[in-house]
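Enquirer: Structure below; questions to follow.
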Amino acid sequence: MSKKVAVVILNWNGVDFLRKFIPILVQNTPSHVADIVVADNGSSDNSLSYLSEEHPTVRTICFDKNYGFTGGYNRAISQIDNQYSILLNSDIEVGAGWLEPLVNAMDASPKVGACMPKLRSYSNRETFEYAGAAGGYLDRYGYPFCRGRILSTIENDLGQYDSPTSVFWATGACLMVRTNLYNSLGGLDSDFFAHMEEIDFCWRLQHAGYRVVVEPSSIVYHVGGGTLPNDNPRKMYLNFRNSLLMLTKNLPSSMLFTTIFTRMVLDGVAGAAFLAKGKWGFFVAVLKAHRDFYRMLPTFLKKRKEIGLHQPEGFYRKSIIISYFVKGKKRFSDLNPSYFSK
């Protein structure tokens, strides 16, 4: 009989992260509740030999090449038969007692489709971590932000966001899902390759009538930038391209044209700013993102779900850019709660 949870780590040439964090994961994860699985994306380092020698109880799933974050996880979770799966980045240190609150949150309601813990920074352990903090949200133009992190402002964790709550999206760095639901919805969209794919997935969960929640009593610590550093043109390209694709795929028809047009204008302003600062690589990344958005547009128009937003929880009906730069609202607690859909 399968254990209740499979903790699935996607690895690509990440033996250093495995050495650092697998022993802590094994120590802090109850073996009677969860299997630990490493899905290897065609690594050429000694990741697999390390696991077989040092952690023979860890299950490995091996792929012939790097299928990216989306393709790798989809292939791995299609081979999982545990009730719940946790997509866990290899650069995560889990805290003591991290698993039980997540399981309890999922068990509490069959309508909870996904949940996440609170993410703190591995290097500065009293601050939230950029990739998810205490739960994710999305503004009307597709810009993500979090309880504890708006744009470049990252708050210290003082317990101000310790209440469990529904959110728009849960971080892909530590994402717990119902395995059957994940597979029935097609998992992460492989056309994204990496970045924004967990937001798209959580949006589709809500289309299907499920909720996404954060359980802050579970705490993990994220190195961040383990695959691509934050200051990287490739990451910029993926985020800009995938944001446009996600909006195209999920927005209701009444919002689609104006939102995409406005977002592309804002991207153009960002590109001009990069050019003025001499950041040629980032300027080119914006151009390539828009070029490839147009190339992929026919495919994503076919994927559109004509069911509208259904007022997903955590959708911010204003511009977070204006709120941040014009109105000076740098912290999540500064935002007007009435602007969030419920």
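Enquirer: With respect to Ser31, is the statement that it is under 29 Å from Glu126 (Cα atoms), among the hydroxyl-bearing types (Ser, Thr, Tyr) and buried (at least 16 other Cβ atoms within 10 Å of the Cβ) true?
Expert: Values: under 29 Å from Glu126 (Cα atoms): yes; among the hydroxyl-bearing types (Ser, Thr, Tyr): yes; buried (at least 16 other Cβ atoms within 10 Å of the Cβ): no.
No: the conditions fail for Ser31.
Enquirer: Inside the stretch 180-197, can you point out the residues that are in a helix (DSSP H, G or I) and under 18 Å from Tyr137 (Cα atoms)?
Expert: Of everything in the stretch 180-197, just one residue is in a helix (DSSP H, G or I) and under 18 Å from Tyr137 (Cα atoms), namely Glu197.
Enquirer: Moving to a separate point now. Test each condition in (1) more than 16 Å from His207 (Cβ to Cβ); (2) not in a loop (DSSP other than H, G, I, E, B) for Leu138 and report the one that comes out false.
Expert: Single failed check for Leu138: (1).
Enquirer: Listed residues Ala273, Ala285; which is farther than 25 Å from Asp189 by Cβ and either at pLDDT 95 or above or in a helix (DSSP H, G or I) (or both)?
Expert: Ala273
Every residue, every condition in (1) free of Cβ contacts under 8 Å to residues at least 24 places away in the same chain; (2) buried (at least 16 other Cβ atoms within 10 Å of the Cβ); (3) not acidic (Asp, Glu), yes or no:
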site: Arg234; (1), (2), (3): no, no, yes
site: Ser243; (1), (2), (3): no, yes, yes
site: Thr248; (1), (2), (3): no, yes, yes
site: Phe261; (1), (2), (3): yes, no, yes
site: Ala273; (1), (2), (3): yes, no, yes
site: Lys277; (1), (2), (3): yes, no, yes
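Enquirer: Is there any pair linking a residue in the stretch 190-219 that is closer than 20 Å to Ala133 by Cβ to one that is charged (D, E, K, R) and assigned to a helix (DSSP H, G or I), with Cβ under 7 Å and at least six apart or on different chains, and which?
Expert: Partner pairs satisfying both residue conditions: His195/Lys235; Asp200/Lys249.
Enquirer: From the list Ser152, Ser90, Ser123, which one is of a type in the set (Gly, Ala, Ser), on the phi < 0 side of the Ramachandran plot and free of Cβ contacts under 8 Å to residues at least 40 places away in the same chain? Walk me through it before giving the result.
Expert: Working: Ser90 fails: free of Cβ contacts under 8 Å to residues at least 40 places away in the same chain; Ser123 fails: free of Cβ contacts under 8 Å to residues at least 40 places away in the same chain.
Checking each option against the conditions leaves just Ser152.
Enquirer: A further question on this structure: Does at least one position in the stretch 157-179 carry a residue that is in contact with a strand residue (DSSP E or B) (Cβ under 9 Å, 6 or more places away or on another chain) and in a helix (DSSP H, G or I)? Walk me through it before giving the result.
Expert: We begin by selecting, within the stretch 157-179, every residue in contact with a strand residue (DSSP E or B) (Cβ under 9 Å, 6 or more places away or on another chain); these are 157, 159, 161-179.
Among the residues that remain, those that are also in a helix (DSSP H, G or I) are: 179.
The answer is yes; a qualifying residue exists.
Enquirer: Sort out which residues of the stretch 129-177 are among the polar types (S, T, N, Q) and within 22 Å of Leu266 (Cα to Cα), and write them in order of number.
Expert: Just the residues of the stretch 129-177 that are among the polar types (S, T, N, Q), to begin with: 152-153, 156, 160, 163, 165-166, 171.
Once the filter is applied, which keeps residues that are among the polar types (S, T, N, Q) and within 22 Å of Leu266 (Cα to Cα), the stretch 129-177 yields Ser152, Thr153.
Enquirer: With the requirement that a residue be at pLDDT below 95 and either among the small types (Gly, Ala, Ser) or out of contact with any helix residue (DSSP H, G or I) (no Cβ under 7 Å at 6 or more places or on another chain) (or both), what does the stretch 143-152 give you?
Expert: Within the stretch 143-152, Ser152 is the sole residue that qualifies.
Enquirer: So which residues in the stretch 199-218 are among the basic types (Lys, Arg) and either surrounded by 23 or more Cβ atoms within 10 Å (Cβ to Cβ) or within 19 Å of Leu102 (Cβ to Cβ) (or both)?
Expert: Correct list: Arg211 only.
Enquirer: Return yes or no: is Pro117 buried (at least 20 other Cβ atoms within 10 Å of the Cβ), in contact with a strand residue (DSSP E or B) (Cβ under 8 Å, 6 or more places away or on another chain) and either at pLDDT below 95 or not in a loop (DSSP other than H, G, I, E, B) (or both)?
Expert: Yes.
Enquirer: Would it be correct to say that Asp200 is at pLDDT 95 or above, assigned to a loop (DSSP other than H, G, I, E, B) and charged (D, E, K, R)? Walk me through how you get there before you give the answer.
Expert: Details: at pLDDT 95 or above: yes; assigned to a loop (DSSP other than H, G, I, E, B): no; charged (D, E, K, R): yes.
No; evaluated as a whole, the condition is false for this residue.
Enquirer: Within the stretch 203-220, track down each residue that is of a type outside the set (D, E, K, R) and part of a strand (DSSP E or B).
Expert: Val212, Val213, Val214, Pro216, Ser217, Ser218, Ile219, Val220
Enquirer: A follow-up question, please. So in the stretch 165-198, with the set limited to residues that are among the aliphatic types (A, V, I, L, M) and over 24 Å from Glu93 (Cβ atoms), which one is surrounded by the most Cβ atoms within 10 Å (Cβ to Cβ)?
Expert: Met196
Enquirer: Read through the list (1) modelled with pLDDT under 95; (2) of a type outside the set (A, V, I, L, M); (3) in contact with a strand residue (DSSP E or B) (Cβ under 9 Å, 6 or more places away or on another chain), then give the number of the only condition that Asn232 fails.
Expert: (3)
Enquirer: Quickly run through the stretch 326-342 and pick out the residues that are assigned to a loop (DSSP other than H, G, I, E, B), of a type outside the set (Ser, Thr, Tyr) and closer than 18 Å to Pro144 by Cβ.
Expert: So in the stretch 326-342, the residues assigned to a loop (DSSP other than H, G, I, E, B) come out as 326-331, 335-336, 341-342.
Subsequent filtering for residues that are of a type outside the set (Ser, Thr, Tyr) retains 326-331, 335-336, 342.
Result: Lys329, Lys330, Arg331, Leu335.
Enquirer: So, in the stretch 38-50, how many residues would count as being in contact with a helix residue (DSSP H, G or I) (Cβ under 7 Å, 6 or more places away or on another chain) and either within 27 Å of Phe192 (Cβ to Cβ) or surrounded by 15 or more Cβ atoms within 10 Å (Cβ to Cβ) (or both)?
Expert: From the stretch 38-50, those in contact with a helix residue (DSSP H, G or I) (Cβ under 7 Å, 6 or more places away or on another chain) are 38-41, 45-47, 50; that's our starting set.
Applying the additional criterion that residues be either within 27 Å of Phe192 (Cβ to Cβ) or surrounded by 15 or more Cβ atoms within 10 Å (Cβ to Cβ) (or both) yields 38-41, 45, 47, 50.
Residues flagged as in contact with a helix residue (DSSP H, G or I) (Cβ under 7 Å, 6 or more places away or on another chain) and either within 27 Å of Phe192 (Cβ to Cβ) or surrounded by 15 or more Cβ atoms within 10 Å (Cβ to Cβ) (or both) within the stretch 38-50 amount to 7.
The values are calculated or read from the model by the stated rules, or taken from the named source; none is laboratory data. Computed from a predicted structure; not experimentally measured. Cβ sites come from the backbone with ideal geometry, for glycine too, and all protein chains shown count toward neighbours.
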